[in-house]
1. Stretched out fully, how many nm does the piece from Val53 to Ala353 gain, at 0.36 nm a residue minus the Cα gap?
2. For labels at Lys399 and Val231 in the simple 7 Å Cα→Cβ model, what's the distance in nm?
3. For each of Cys114, Cys349, count neighbouring Cβ atoms within 10 Å of the residue's Cβ, then give the residues from fewest to most.
4. Just to be sure I understand the model, the point goes 7 Å from the Cα along the line to the Cβ. What's the resulting Asp151 to Ile63 distance in nm?
5. Any of Lys372/Lys399; Lys33/Lys111; Lys33/Lys76; Lys76/Lys141; Lys159/Lys372 with alpha carbons more than 26 Å apart? Name them for me.
6. Would any residue of segment 404-423 have its amide N under 13 Å from a label point 7 Å out along Cα→Cβ of Leu277? List them or say none.
7. Nearest 0.05, what FRET efficiency do Asn34 and Val132 give at R0 = 35 Å with Cβ-Cβ as r?
8. Could you size up the charge dipole of segment 89-182 around its Cα centre, putting +1 on the beta carbon of Lys and Arg and -1 on that of Asp and Glu, and report it in debye to the nearest 20?
Amino acid sequence: MGVGLLIIIQVIFLIRYVNNTNYSLVKFLDALKNEDYSVYFSPSKKGDSFAKVFDDFNLIIKIFKRNKIEKEAQYKYFKYILEHVNLGIISIKKDDLYTNESHEEILFLNKAACDILQQPKHKYWHRLAKSVPWLVNEIKKTAEGGKTLVDFGKETEKKQLSLETIELQLLGKTYLIITFQDIRSEIEQKEIEAWHNVIKILAHEMLNSFTPVSSLASTVKSTTEDSEGNVLKAEALDDEDIQDINMAVKTIKRRSDGLLDFVKDYRTISNVPIPTLNKTNIKTFLLSIELLMKPSIQKANIAMELSHIPANATIMADTKLIEQVLINLINNSIHALHGIENPLLKINCVIEADKTVISIHDNGKGIEDQIKNQIFIPFYTTKKNGSGIGLSLSKNIMKKHGGNLLVNSEVGVYTSFSLVFKQ
C-alpha cells in the first residue's frame, strides 16, 4: 500500500515536472515566434535542474533581440540614405505593375521620386499609377531590365528622365526597383560649356585671321589716300608703294584662304557621313594600316609592334572612316615620339564579350591632365600648325559607329587612345 502511494506521488511529480518543462518551452518558442524579447526566465524560481536551460533560453532571446535591433538600425540607416539621395527610387511587386486595380502598398518611394514626379507620397501603387500613367508605360517597356530616356512635363517645366528598371527575385517573389533622375539640367550645362569652348576657339581663330587683315587693309588705305582722305591717282604711287600694296593684298588673300579652310574643316566635323557598316576582319584591316603607315614610321625611326590578333576576329565598321581615325592617331603618335629615346608605337586589340577595343599606344611625351578634357574639342590643338579637328572628327566617327574614342596618358611615360566598338 505504501509503495503504491509512493509511486502515485512520484508520477504526479513527474507529470508536474514535464508540464513545467513544456510550459517553459512553449513560453520560449512563443517569445521567438512573436518576437517578444522582453520575456525573461528566472532560474531561481524553478530550481537548479532548470538553471542551465533557462540561462540558455535567456541567452538565445538576448542574441535574437540584439540581431533584431541591429537589423532595424541597418534598415533605418539605409532607408535614411535612400530618402536623401537625388535619385528617384520606387520599389513594387512585379505583379502589381500589370494589375491596374491592385491595392498593394508601394514597398518604397523616396522623397526625390515624389519631387521629380511632382506627386505626394502615395501609399498605394494604383493611386500613383493613375496619377502618372506614362511612367507605368515606360516601366513596362523596361520591366525585364533596361534603361530609357523619357521626356515629360509642361513646356515651361520640361524634364528628361534617365529611367532604369531592375528585376529582383527574393524569397520566391519578383520585385521591381525603378530608379530615375532628371538629367536635363546636366545636359543643358554640358551643352552650354561645349558652346562656350567652341565659341572661344572660333573667336580666337577669327581674331587671328582678321587682325592682320584689318591692319593690312589700313596700310593699303593709307598708302592710296592723301592726308585729307582723297584717293591718289596711279601716277602718284611709286614702285615701292605698289610693292607694299601687292604684298598686303597677297597676305590678305592668304589669310582669307586660311579662314575658308577653317570653315571647310568646321563643315567636315559637323557633317560626318553615316557609316556603311560591314563585317571587317580586324587582323587583315590592321595589317593594311601597318603597311600604309610603315614609310612614315620608318622615316621617324620608330619601332612598331602589332599584337597577336585572332585570325577570325571581326568588327562591324566603315573601313574608310575607321582608317581615317587610325591614320590620324598614328600621326599624332609620330609627332609625340619626336625626340624620344627608343620610340615605340604599339597597336593592340582586346576582344571581350560585349566590346572590342583597338588601342594605339606610344611611349611619347604624354598628355597633361588639364589638357585631356579639351583635346576632343573642335579646333583645340597644342601643335604649332595643327588644325585641331583630327581628334574631334575621330571621336565623332566612333560615336557614329555606336562606340567611343577614349584616351589614357601619363606625362613623360605613355599615351594610349582606345577605339571602343560595342558588340
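1. Details: separation 300, 0.36 × 300 = 108.00 nm, distance 5.84 nm.
My answer for the length gained is 102.2 nm.
2. 4.9 nm
3. Least crowded to most crowded, the residues run Cys114, Cys349.
4. 6.0 nm
5. From Lys372/Lys399; Lys33/Lys111; Lys33/Lys76; Lys76/Lys141; Lys159/Lys372, over 26 Å: Lys33/Lys111; Lys76/Lys141; Lys159/Lys372.
6. Taking a point 7 Å out along Cα→Cβ of Leu277, the residues of segment 404-423 whose backbone N falls under 13 Å are 404, 421-423.
7. 0.30
8. Dipole size: approximately 140 debye.
Taken together, the values in this text are just the output of simple stated rules run on the coordinates, not laboratory data. Note that the structure is a prediction, hence the values are computed from the model and not measured. Every residue, glycine as well, gets a Cβ built from its backbone with ideal geometry; the counts of neighbours run over all protein chains shown.
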